[in-house]
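These notes concern the structure reproduced below.
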Amino acid sequence: RGFAVEDTAAVLLRFEGGALGTVMLSDTAASPFCWDQTAGETKHFPRHAADAYRISGTEGTLELPSLTLWRYPGARGWTERFEVQHLEAETADPLQRQTRHFLRVIRGEEPPLVSGLDGARTVAATLAVSRSALEGRPIRIDEMMGPGTVAA
(Lines give C-alpha, C1' and ligand atoms only; values in the text may rest on other atoms or scores of the structure.)
Protein backbone atom coordinates (compact mmCIF):
# COMPACT_ATOMS: atom_id res chain seq x y z
CA ARG A 1 0.00 0.00 0.00
CA GLY A 2 3.02 2.25 -0.22
CA PHE A 3 3.55 2.74 3.52
CA ALA A 4 7.00 3.52 4.89
CA VAL A 5 6.76 0.64 7.39
CA GLU A 6 6.05 -3.06 7.03
CA ASP A 7 2.44 -4.13 7.39
CA THR A 8 3.05 -7.85 6.88
CA ALA A 9 5.68 -9.94 8.66
CA ALA A 10 6.66 -13.46 9.68
CA VAL A 11 8.96 -13.90 12.66
CA LEU A 12 10.67 -17.03 13.95
CA LEU A 13 11.69 -16.94 17.61
CA ARG A 14 13.98 -19.24 19.61
CA PHE A 15 13.60 -18.81 23.35
CA GLU A 16 16.38 -19.31 25.87
CA GLY A 17 14.71 -22.48 27.19
CA GLY A 18 14.66 -24.01 23.70
CA ALA A 19 11.02 -23.32 22.79
CA LEU A 20 10.30 -22.11 19.27
CA GLY A 21 7.72 -19.49 18.35
CA THR A 22 6.18 -18.32 15.11
CA VAL A 23 4.50 -14.95 14.75
CA MET A 24 2.67 -14.05 11.54
CA LEU A 25 0.94 -10.73 11.13
CA SER A 26 -0.57 -8.59 8.42
CA ASP A 27 -2.47 -5.36 8.45
CA THR A 28 -3.43 -5.89 4.82
CA ALA A 29 -5.02 -9.34 5.03
CA ALA A 30 -8.81 -9.22 5.07
CA SER A 31 -9.89 -11.34 8.04
CA PRO A 32 -11.83 -11.20 11.31
CA PHE A 33 -8.85 -12.69 13.19
CA CYS A 34 -7.66 -9.59 15.02
CA TRP A 35 -8.06 -8.82 18.70
CA ASP A 36 -10.29 -5.79 18.11
CA GLN A 37 -12.80 -7.86 16.13
CA THR A 38 -12.74 -10.97 18.31
CA ALA A 39 -12.51 -9.73 21.91
CA GLY A 40 -15.54 -7.45 21.87
CA GLU A 41 -13.81 -4.97 24.18
CA THR A 42 -14.52 -1.95 22.01
CA LYS A 43 -17.90 -1.06 20.57
CA HIS A 44 -16.27 0.66 17.56
CA PHE A 45 -15.38 -2.69 15.97
CA PRO A 46 -17.78 -5.37 14.78
CA ARG A 47 -17.41 -8.57 16.81
CA HIS A 48 -16.79 -11.90 15.13
CA ALA A 49 -16.96 -15.34 16.74
CA ALA A 50 -13.34 -16.17 15.95
CA ASP A 51 -10.03 -16.37 17.77
CA ALA A 52 -7.20 -13.93 17.14
CA TYR A 53 -4.42 -15.96 18.79
CA ARG A 54 -3.46 -19.59 19.24
CA ILE A 55 -0.69 -20.57 21.65
CA SER A 56 0.40 -24.19 21.25
CA GLY A 57 2.77 -26.38 23.22
CA THR A 58 3.41 -30.04 23.94
CA GLU A 59 0.74 -30.13 26.66
CA GLY A 60 -2.05 -28.38 24.74
CA THR A 61 -3.28 -25.32 22.86
CA LEU A 62 -5.03 -22.20 24.16
CA GLU A 63 -7.12 -20.05 21.80
CA LEU A 64 -7.71 -16.38 22.59
CA PRO A 65 -9.94 -14.55 23.29
CA SER A 66 -12.38 -17.48 23.59
CA LEU A 67 -10.12 -19.15 26.19
CA THR A 68 -10.67 -22.53 24.55
CA LEU A 69 -8.15 -25.02 25.94
CA TRP A 70 -7.39 -28.17 23.95
CA ARG A 71 -5.39 -30.90 25.69
CA TYR A 72 -5.08 -34.63 26.08
CA PRO A 73 -6.93 -35.98 29.13
CA GLY A 74 -4.42 -38.85 29.43
CA ALA A 75 -1.87 -40.24 27.02
CA ARG A 76 -0.65 -37.86 24.31
CA GLY A 77 -0.43 -38.90 20.68
CA TRP A 78 -1.78 -38.53 17.18
CA THR A 79 -4.40 -41.23 17.75
CA GLU A 80 -5.64 -39.79 21.06
CA ARG A 81 -8.69 -37.58 21.40
CA PHE A 82 -8.42 -34.05 22.77
CA GLU A 83 -10.41 -32.75 25.70
CA VAL A 84 -11.86 -29.28 25.10
CA GLN A 85 -12.38 -26.93 28.01
CA HIS A 86 -13.76 -23.40 27.90
CA LEU A 87 -12.05 -21.36 30.61
CA GLU A 88 -13.80 -18.45 32.28
CA ALA A 89 -12.44 -14.94 32.68
CA GLU A 90 -13.77 -11.81 34.29
CA THR A 91 -15.29 -9.44 31.74
CA ALA A 92 -14.37 -5.80 32.25
CA ASP A 93 -13.32 -2.74 30.31
CA PRO A 94 -9.55 -3.17 29.82
CA LEU A 95 -8.79 0.58 29.90
CA GLN A 96 -10.58 0.97 33.23
CA ARG A 97 -8.74 -2.04 34.69
CA GLN A 98 -5.37 -0.74 33.46
CA THR A 99 -6.06 2.72 34.88
CA ARG A 100 -7.08 1.29 38.28
CA HIS A 101 -3.97 -0.88 38.35
CA PHE A 102 -1.76 2.09 37.40
CA LEU A 103 -3.23 4.16 40.23
CA ARG A 104 -2.63 1.34 42.75
CA VAL A 105 0.97 1.03 41.52
CA ILE A 106 1.76 4.74 41.86
CA ARG A 107 0.20 4.72 45.35
CA GLY A 108 2.50 1.82 46.26
CA GLU A 109 -0.43 -0.52 46.91
CA GLU A 110 0.75 -3.22 44.49
CA PRO A 111 3.66 -3.99 42.18
CA PRO A 112 3.31 -3.37 38.44
CA LEU A 113 2.19 -6.36 36.36
CA VAL A 114 4.77 -5.37 33.72
CA SER A 115 8.13 -3.92 34.75
CA GLY A 116 10.19 -1.29 33.00
CA LEU A 117 12.67 -4.05 32.12
CA ASP A 118 9.81 -6.04 30.54
CA GLY A 119 9.02 -2.99 28.40
CA ALA A 120 12.68 -2.57 27.42
CA ARG A 121 12.84 -6.24 26.43
CA THR A 122 9.75 -5.82 24.26
CA VAL A 123 11.35 -2.87 22.46
CA ALA A 124 14.60 -4.85 22.12
CA ALA A 125 12.72 -7.83 20.62
CA THR A 126 10.97 -5.56 18.13
CA LEU A 127 14.25 -3.91 17.14
CA ALA A 128 15.90 -7.34 16.86
CA VAL A 129 13.26 -8.46 14.35
CA SER A 130 13.86 -5.35 12.25
CA ARG A 131 17.63 -5.73 12.43
CA SER A 132 17.42 -9.42 11.57
CA ALA A 133 15.45 -8.58 8.43
CA LEU A 134 18.03 -5.98 7.42
CA GLU A 135 21.09 -8.11 8.15
CA GLY A 136 19.69 -11.51 7.18
CA ARG A 137 20.84 -13.22 10.36
CA PRO A 138 19.42 -14.17 13.76
CA ILE A 139 19.71 -11.40 16.35
CA ARG A 140 19.85 -12.06 20.08
CA ILE A 141 17.86 -9.80 22.40
CA ASP A 142 20.97 -9.08 24.46
CA GLU A 143 22.55 -7.53 21.32
CA MET A 144 19.79 -4.92 21.39
CA MET A 145 19.81 -4.15 25.13
CA GLY A 146 21.97 -1.31 26.45
CA PRO A 147 25.25 -1.88 28.29
CA GLY A 148 24.83 -3.27 31.79
CA THR A 149 21.23 -4.38 31.14
CA VAL A 150 20.26 -7.97 31.85
CA ALA A 151 18.27 -9.27 28.87
CA ALA A 152 17.31 -12.64 30.32
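The values are calculated or read from the model by the stated rules, or taken from the named source; none is laboratory data. Only a predicted model underlies this, so the values are computations on that prediction, with no experimental measurement involved. Note: ideal-geometry Cβ built from the backbone for every residue, glycine included; neighbour counts use all protein chains shown. Just so you know, the surface numbers come from the protein's heavy atoms only, side chains and all, with ligands and any DNA or RNA stripped out. Shrake-Rupley method; radii C 1.70, N 1.55, O 1.52, S 1.80 Å.
Observations on the structure shown:
- Stretchable slack from residue 127 to residue 20, in nm (0.36 nm times residue separation minus alpha-carbon distance): 36.6 nm
- Accessible area of region 49-101 divided out per residue, in Å², using a probe of 1.4 angstrom: 82
- Placing a label point 7 Å from the Cα of residue 59 along the Cα-to-Cβ direction, the residues of region 16-41 whose backbone N falls under 20 Å from that point are 16-22.
- Of the trypsin sites (Lys or Arg not before Pro) in region 52-124, those whose Cβ has at most 16 other Cβ within 10 Å and which sit in DSSP loop: 76, 81, 107
- Sulfur and carbon atoms: percent of accessible area, the chain [1.4 Å]: 57
- At R0 = 30 Å, FRET efficiency that the Cβ-Cβ distance of residue 67 and residue 12 yields, to 0.05: 0.70
- Gap separating the Cα centres of region 85-152 and region 34-78, nearest whole Å: 21
- For the chain, modelled as a GNM whose springs connect Cα atoms under 10 angstrom apart, the maximal fluctuation among 130, 115, 66 occurs at 115.
- Sequence of 80, 110 from largest to smallest accessible area, 1.4 Å probe: 80, 110
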